[in-house]
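Worksheet for the structure shown next.
Every number here is computed from the coordinates shown, using simple stated rules; none is lab data. Predicted model, so just to flag it, every value in this text is computed and none were measured. Note: ideal-geometry Cβ built from the backbone for every residue, glycine included; neighbour counts use all protein chains shown.
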Amino acid sequence: MNAKTQPFNTAALPLAGPGLMTPRSGRVLDLAAPDAGQIDIGDIAHGLSRQDHYQGHSSGDEIYSVAQHSLWLASYLCRATGDANTALHGLMCHASKAYIGTVSPVVETLLSSRKRSVDDLQATVQRAIYDALEMPALTVQQAHWVLIAKQQAQLIESLQRAPVSIPDCSDLIDSIAWDLSRCPLMASRTMDEQASQWQAALLLLRNGEMLHG
């Protein structure tokens, strides 16, 4: 078998080009100018369930996926606020990572000048996803609660799923986070089960219903 001695022009391939990606559904997404009509919820659930929140370094034998992390946020916000829309934003806050990939929480905090360009791309895709779902914008109070949920998730994950624990963090963890740490959301599931659970949570929250468990 003879090897190719020259690279071919990838621009000649179908669906190839800067910023174009083809997810599982086959619905091509232009990352440079994403449109709500290009968004597929099944693609988001599939992508998030297959990405480790800690870049492959979760403790244990199974990954701790972005889908599991997002479900934890939504469950926390259901208990803390009793508001389905706030919980919906918690569930969806990492949705763009299904298309652009994930950076570990540790790396995110270290990115400085380049973080802005990463954030801009993530925000652009996130807006298209929110438009597809016709999600209302977060209020200041809702954004505050989503931030608290993320902080509590980081603390509890530090003790259970993160590669390295945060020293002396137990006193910072609230009672809701402790309770959720014992629920099935933190247990390992197959990737397909995680995707299905994420989609089920999305349906409930969009209908104004709370998550239980």
Burial ranking of peptide ranges 45-58, 87-100 (average Cβ count within 10 Å, highest at the top): 87-100, 45-58
Potential extension, Ala137-Ala33 segment - 0.36 nm per residue separation minus Cα distance: 35.4 nm
Segment 32-79: relative contact order in percent, alpha carbon pairs under 8 Å with at least 6 residues between: 28 percent
